[in-house]
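Visitor: Before we start, here is the structure in question, set down as structure tokens.
The values are calculated or read from the model by the stated rules, or taken from the named source; none is laboratory data. Not measured: the values here are computed from a predicted model. All Cβ positions, glycine included, derive from the backbone under ideal geometry; neighbour counts span all protein chains shown.
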Amino acid sequence: MKESKAKSRVLREVRDALIHQTKDTYVNLDFESPIFKEISETLDVNFAQEFGKVSGKFVYCENHEDFLHSLSSLINENNWGNIFCGEQTTLGTLLTKGGIQYTNEASKFLDQEVGITSCEFLIARTGSIMVSSRQAGGRRSFIYPPIHIVVAYASQLVPDIKDALKEIQKKYAKLPSLITTITGPSRTSDIEKTLVMGAHGPKELYVFLIDALT
């Protein structure tokens, strides 16, 4: 009986609310104007600045030759071994051309020290990297290696995340099951309020931006 009365009261309140609707006091809201100010720098410069603020390491490359030389020098300087790249058709071919030793064997994935991947887009405003599950290296390539190297092209730079989402909708007939952004190396302050790098993912994050395809 009590339940029936309570239900009747709720339905009556809903009916009254529909009949006597509150007037909209904000009739002239602007939903079209951009939220943020326009980016004053070029997209590559703005990305590099914001990426640096979150402890990312940015390397500008004029072309493929410049990229291969810079990457090879970085590997030799740090004496890195166990390099993994799961993207064979494009990125893997480029690394092979440059004589950079790596493996794509799944059985050796857990032994990797450095993971090299591509990305979907670079978001200039926040210095973020958009990645998805449709990339050939798979989801784990972005989070497992202690050192993550992202190889991108100037054509992948977009101003804001909304632009990246629009472009990824154009790129795929069906959206990837995972779309996420990476903003700097993994970090946490959960442990005694002390900043710890690499707690839940890569400790170091590099972006090599290639300006030209040749």
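Visitor: Which of the residues spanning the range 156-214 are surrounded by 15 or more Cβ atoms within 10 Å (Cβ to Cβ), modelled with pLDDT of 90 or more, part of a loop (DSSP other than H, G, I, E, B) and within 13 Å of the chain's Cα centre (by Cα)?
Guide: Passing the criteria: 160, 183.
Visitor: If residue 107 satisfies every condition in (1) of a type in the set (S, T, N, Q); (2) farther than 18 Å from residue 204 by Cβ; (3) touching a residue at least 12 places away in the same chain (Cβ under 8 Å) but one, which is the exception?
Guide: Among (1) of a type in the set (S, T, N, Q); (2) farther than 18 Å from residue 204 by Cβ; (3) touching a residue at least 12 places away in the same chain (Cβ under 8 Å), residue 107 violates only (3).
Visitor: Looking at residue 126, is it among the polar types (S, T, N, Q), touching a residue at least 40 places away in the same chain (Cβ under 8 Å) and in a loop (DSSP other than H, G, I, E, B)?
Guide: Here the answer is yes, as residue 126 does meet what is asked.
Visitor: Here's something else I'd like to know. Does residue 14 fit the bill of being part of a loop (DSSP other than H, G, I, E, B) and more than 27 Å from the chain's Cα centre (by Cα)?
Guide: In short, no.
Visitor: Being of a type in the set (S, T, N, Q) and either buried (at least 22 other Cβ atoms within 10 Å of the Cβ) or in contact (Cβ under 8 Å) with a residue 60 or more places away in the chain (or both) narrows it down to one residue among 132, 141; which is it? Give the derivation first.
Guide: Working: 132 fails: either buried (at least 22 other Cβ atoms within 10 Å of the Cβ) or in contact (Cβ under 8 Å) with a residue 60 or more places away in the chain (or both).
Selected residue: 141, the only one of 132, 141 that is of a type in the set (S, T, N, Q) and either buried (at least 22 other Cβ atoms within 10 Å of the Cβ) or in contact (Cβ under 8 Å) with a residue 60 or more places away in the chain (or both).
Visitor: Please name all residue pairs, on different chains or six or more residues apart, with Cβ atoms under 7 Å, provided the first residue is in the range 20-46 and is within 30 Å of residue 56 (Cα to Cα) and the second residue is aliphatic (A, V, I, L, M) and modelled with pLDDT of 75 or more.
Guide: Between residues of the range 20-46 that are within 30 Å of residue 56 (Cα to Cα) and residues that are aliphatic (A, V, I, L, M) and modelled with pLDDT of 75 or more, the close pairs are 39/124; 43/124; 43/157; 44/154; 44/157; 44/209; 46/39; 46/124.
Visitor: Using the structure shown, decide if residue 69 is in contact (Cβ under 8 Å) with a residue 40 or more places away in the chain and either touching a Pro at 6+ places or on another chain (Cβ under 6 Å) or not aliphatic (A, V, I, L, M) (or both). Reasoning before the result, please.
Guide: Details: in contact (Cβ under 8 Å) with a residue 40 or more places away in the chain: no; either touching a Pro at 6+ places or on another chain (Cβ under 6 Å) or not aliphatic (A, V, I, L, M) (or both): yes.
So residue 69 fails the test.
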